Amino acid sequence: MATRALHHTEFFALNSVMRRREHAPAPRIGREQILARCVQVHDRSVELRRVWIMQVFASPEFYAFRDSDTHYFSSADRDYDAVVISGDDVERLRQMLVANAAMLRRKLTICVMASSTARTRAILLKAGCDDVVDINRVDPQEAIARFTTMFARHTAALRVHDRRQLCDNVVRALYSRGNITRRSQILLEHLVRNYGKFVRFSHLKQHFDINHEPVSDIRIRSMIRYLSKHIGQGFRIEILPGDECRLTIDRDCTAPVHLDLERQIRSIRFD
């Protein structure tokens, strides 16, 4: 009897937990994960799409779309991570994406529709949208998984792009002359990425793959000497007898602009 009573107790406890899980709200994407703005085109499915979006995002910012107003795409007041465009008029959505491409360039852009076809979804993807979902085809839990994965890849790509852009800006600031050859630019970029470290010529050769032409140590040494003559902003390139070189700051030149540029160089991290 004691064993049978124990089984009944476990059964009721498990049943109670399952009932609580059924009535518990499903997990959604919080603002700390993705801060989303939803721009709604008011048509016959606007409320259905709104309910679906609320099942995906915990507290999105809703805006009503008007053709003459684009303030909801701006990040002047507060920055945001993703924009969710809700509507079924594919041509209107396409025009919205094209007209605001500059503001949406660094945002995860998602279109939510209720009566789409493969053709309409393809039109919006070609217009620059990162993903197009139909609420009648995609479950909110599937959308949560898709959006969080896409956002992780999106932010990683932005970080890589920003590091490369910063490296390009640093190279232009360091090189005091107007034009720089492609190989000299590759050499200087590699020294910037390894700032303060001695780099062997053999490692530099791995990056000179232009037209598959081999580069000798003498050629690399000549390129380094040429760059050393024209490098500015208080930096210099040291060459060691063991076929090694490094980019370093000239401590005799301690102007604020030099130190600020050094901080930018130190902030560059490449995978």
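Applying 1/(1 + (r/R0)^6) with R0 = 45 Å to the Cβ-Cβ distance of Asp43 and Ala156, what FRET efficiency is obtained, to the nearest 0.05?
FRET efficiency, Asp43 to Ala156: 0.80.
Against the 2.2 N^0.38 Å scaling, with N counting residues, where does the stretch 175-266 land? I'd like the Cα-based Rg ratio to two decimal places.
Relative to the rule-of-thumb radius for its length, the stretch 175-266 sits at 1.07.
How far is it, in nm, from the label point at Asp217 to the one at Ser115 when both lie 7 Å from their Cα along the line to the Cβ?
7.5 nm
Out of all Cα-Cα pairs in the stretch 93-252, roughly what percent, to the nearest whole number, are more than 23 Å apart?
57 percent
Counting only the backbone N, which residues of the stretch 87-115 are under 20 Å from the spot 7 Å out from the Cα of Asn136 toward its beta-carbon?
In the stretch 87-115, the label zone of Asn136 (backbone N under 20 Å from the point 7 Å along Cα→Cβ) covers 87-94, 111-115.
Length gain on complete extension for the stretch Thr149 to Ser202, per 0.36 nm per residue less the alpha carbon to alpha carbon distance?
15.2 nm
Computed from the coordinates by the stated procedures, all read-outs in this text should not be read as laboratory data. These numbers were taken from a predicted model, which means no experiment stands behind them. Backbone-built Cβ (ideal geometry, glycine too); neighbour counts: all protein chains shown.
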